[in-house]
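Undergrad: One structure is given below, represented as structure tokens, and several questions about it will come after.
The values are calculated or read from the model by the stated rules, or taken from the named source; none is laboratory data. These numbers were taken from a predicted model, which means no experiment stands behind them. Backbone-built Cβ (ideal geometry, glycine too); neighbour counts: all protein chains shown.
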Amino acid sequence: MKHLSLDEVLFVPANRSPFKRTRPQTPARQRIEMLELLLEGRPQMAVCDIEVARGGVSYTVETLADLTFARPGDYWLLLGSDALLGFRQWKSPEKIVRYARLGVVQRDFRSKEELLALLTPDIAERVDFVPMEPVPISSTDLRERAAKGLSLQPWVPAELQRYIREHRLYQ
């Protein structure tokens, strides 16, 4: 938020990811509830259920079009550099960058120049790199730890861990 001077951050859980059609997915309602637990007490952060309410497969370009219509403003799409690697395979990436700049957090050892070289010039010029301390664990690793009943400390707050256990998620 500080680096990009953002007023707020919206977390938008996908209803159904176009990239995860064959893997079982945690129900959308539970993903929303977990986000709400995580964001409690953070007034500048909110959950937006626009994709869940729309139903079907979620496409970022459609979400940004809807958000821009409903709430005009300057948008940044925040993503990790691992997601940026496949960005050109997303639906209408050239339209996405018309609706929003890309705020990219480096999550691997590729340089900014290497990452930008993978993009077309019109997309690359819409990328802002956001400095962030690297997180030494992935969401896949966390789901695997939860499935084995291992602790998710220090990455997942106790309240959220309790929710995951109570709802028997990732097992």
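Undergrad: Can you pull out every residue in region 137-171 that is part of a helix (DSSP H, G or I), surrounded by fewer than 15 Cβ atoms within 10 Å (Cβ to Cβ) and touching a residue at least 60 places away in the same chain (Cβ under 8 Å)? Break it down stepwise before answering.
TA: Narrowing region 137-171 to residues part of a helix (DSSP H, G or I): 139-147, 158-166.
Now restrict to residues that are surrounded by fewer than 15 Cβ atoms within 10 Å (Cβ to Cβ): 139-141, 144, 147, 158-159, 162, 165-166.
Matches in region 137-171: E159 only.
Undergrad: Right, something else. Return the only residue of G56, G73, G80 being within 23 Å of V156 (Cβ to Cβ), surrounded by fewer than 18 Cβ atoms within 10 Å (Cβ to Cβ), among the small types (G, A, S) and at pLDDT below 95.
TA: Details: G56 fails: within 23 Å of V156 (Cβ to Cβ); G73 fails: within 23 Å of V156 (Cβ to Cβ).
When all the criteria are applied, what remains is G80.
Undergrad: For a quick check of your reading of the model, give me the residue pairs whose first member lies in region 51-69 and is more than 19 Å from F19 (Cα to Cα) and of a type in the set (A, V, I, L, M), whose second is outside any helix (DSSP H, G or I) and modelled with pLDDT of 95 or more, with beta-carbon atoms closer than 8 Å and at least 6 apart or on different chains.
TA: L67/L10; L67/C48; L67/Y75
Undergrad: Same structure again: Could you run through region 1-25 and say how many residues are touching a residue at least 60 places away in the same chain (Cβ under 8 Å) and either surrounded by 15 or more Cβ atoms within 10 Å (Cβ to Cβ) or over 23 Å from K91 (Cα atoms) (or both)?
TA: 4
Undergrad: Also, I was wondering about something else. Answer with yes or no whether E114 is under 23 Å from Q25 (Cβ atoms), exposed (fewer than 15 other Cβ atoms within 10 Å of the Cβ) and either touching a strand residue (DSSP E or B) at 6+ places or on another chain (Cβ under 8 Å) or not aromatic (F, W, Y) (or both).
TA: On the way: under 23 Å from Q25 (Cβ atoms): no; exposed (fewer than 15 other Cβ atoms within 10 Å of the Cβ): yes; either touching a strand residue (DSSP E or B) at 6+ places or on another chain (Cβ under 8 Å) or not aromatic (F, W, Y) (or both): yes.
Criteria not met by E114.
Undergrad: Here's something else I'd like to know. Could you say whether any residue in region 42-53 is closer than 25 Å to L119 by Cβ, out of contact with any strand residue (DSSP E or B) (no Cβ under 7 Å at 6 or more places or on another chain) and either at pLDDT 95 or above or not aliphatic (A, V, I, L, M) (or both)? Let's see the steps before the verdict.
TA: Of all residues in region 42-53, those closer than 25 Å to L119 by Cβ come to 51.
Imposing the further condition that a residue be out of contact with any strand residue (DSSP E or B) (no Cβ under 7 Å at 6 or more places or on another chain) reduces the set to 51.
Checking the rest, the ones that are also either at pLDDT 95 or above or not aliphatic (A, V, I, L, M) (or both) come to 51.
Checked against the condition, which is being closer than 25 Å to L119 by Cβ, out of contact with any strand residue (DSSP E or B) (no Cβ under 7 Å at 6 or more places or on another chain) and either at pLDDT 95 or above or not aliphatic (A, V, I, L, M) (or both), region 42-53 yields at least one hit.
Undergrad: Quick check on V47: is it out of contact with any Ser or Thr (no Cβ under 8 Å at 6 or more places or on another chain), closer than 16 Å to N15 by Cα and of a type in the set (A, V, I, L, M, F, W, C)? Even if it seems obvious, please write down each step before you answer.
TA: Details: out of contact with any Ser or Thr (no Cβ under 8 Å at 6 or more places or on another chain): yes; closer than 16 Å to N15 by Cα: yes; of a type in the set (A, V, I, L, M, F, W, C): yes.
It is true that V47 is out of contact with any Ser or Thr (no Cβ under 8 Å at 6 or more places or on another chain), closer than 16 Å to N15 by Cα and of a type in the set (A, V, I, L, M, F, W, C).
Undergrad: Can you tell me which residue in region 96-111 is surrounded by the most Cβ atoms within 10 Å (Cβ to Cβ), limited to those that are in contact (Cβ under 8 Å) with a residue 12 or more places away in the chain and closer than 12 Å to D82 by Cα?
TA: Taking region 96-111 first, the residues in contact (Cβ under 8 Å) with a residue 12 or more places away in the chain are 96-97, 99-108, 110.
If we keep only those that are closer than 12 Å to D82 by Cα too, we end up with 104-108, 110.
Numbers: V104: 24, V105: 19, Q106: 18, R107: 17, D108: 11, R110: 16.
Here the residue is V104.
Undergrad: Further question: Restricting to region 112-136, what's the tally of residues that are outside any helix (DSSP H, G or I) and at pLDDT 90 or above? Let's see the steps before the verdict.
TA: Of all residues in region 112-136, those outside any helix (DSSP H, G or I) come to 118-120, 125-136.
Add one more test, that the residue is at pLDDT 90 or above, and what stays is 118-120, 125-131.
Here the count works out to 10.
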